[in-house]
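The values are calculated or read from the model by the stated rules, or taken from the named source; none is laboratory data. Being a predicted model, the structure only gives us computed values, none of them experimental. All Cβ positions, even for glycine, are placed from backbone atoms using ideal geometry, and neighbour counts span all protein chains on display.
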Amino acid sequence: MLDGGMNQRTIGLTLALCFFVGAACFAADDPNMGTWKLNETKSKTAPGVEKLTTVVYEAAGDQVKVTIDGTDANGKPIHNEWTGKFDGKDYAVTGDPTSDMRSYKKIDAQTLKFTVKKGDKTTATGRIVVAADGKSRTVTAKGTDEHGKQFKNVAAYDKQ
């Protein structure tokens, strides 16, 4: 028979394992998870707006980490990260001078709605729709750039 301390450690390890397995199952079931590369020929990007060439969604405990790489309006490399849940609440963005908060909300199994903010001002909103086969996705965004000019982008991505 196990002593009380050993029993508690076993239960704690079992619960921790269930938590991490549950997070991994969430990640495996979500069609957004993985690496997405911009398909420039299928995209309609407004001139003077950043180009997000690679987007990676990965599990981070019970949250999702989104890592974005691309180029800014001047062609300089950009990199930013967001970690949060698809619950419609704002979570911090790091590495992006044009935004400091972002939220994602799951609309259905294939669709996310997102909002980008700088301070208390919404700068962009949009939708991410993953194709039924899970091999591509379309990101539609509209907003106002850092110079106050309105934009609308439709970016197509292929799953890697």
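So here's what we get for this one:
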item	result
Of residues in the range 41-64 being under 18 Å from Y157 (Cα atoms) and charged (D, E, K, R), the one surrounded by the fewest Cβ atoms within 10 Å (Cβ to Cβ)	K44
Output for the range 33-83, where each listed residue is among the aromatic types (F, W, Y) and either in contact with an Asp or Glu (Cβ under 8 Å, 6 or more places away or on another chain) or not assigned by TED's automatic domain parsing to the domain that holds K149 (or both)	W36, Y57
Some residue of the range 142-152 being in contact with a Phe, Trp or Tyr (Cβ under 9 Å, 6 or more places away or on another chain), modelled with pLDDT of 95 or more and assigned by TED's automatic domain parsing to the domain that holds P77	yes
Strands (runs of 3 or more DSSP E) within the range 82-160 that include 3 or more residues in contact (Cβ under 8 Å) with a residue 40 or more places away in the chain and over 17 Å from E58 (Cα atoms)	150-159
Checklist (1) more than 17 Å from the chain's Cα centre (by Cα); (2) acidic (D, E); (3) under 16 Å from V55 (Cα atoms) applied to D133, failing item	(3)
Number of the condition not met by D72 [criteria: (1) surrounded by 14 or more Cβ atoms within 10 Å (Cβ to Cβ); (2) farther than 16 Å from K117 by Cβ; (3) at pLDDT 95 or above]	(3)
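Condition check ((1) touching a Lys or Arg at 6+ places or on another chain (Cβ under 9 Å); (2) exposed (fewer than 15 other Cβ atoms within 10 Å of the Cβ)) across all residues:
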| residue | (1), (2) |
| --- | --- |
| G84 | yes, no |
| A92 | yes, yes |
| L112 | yes, no |
| K118 | no, no |
| A124 | yes, no |
| V130 | yes, no |
| A141 | yes, no |
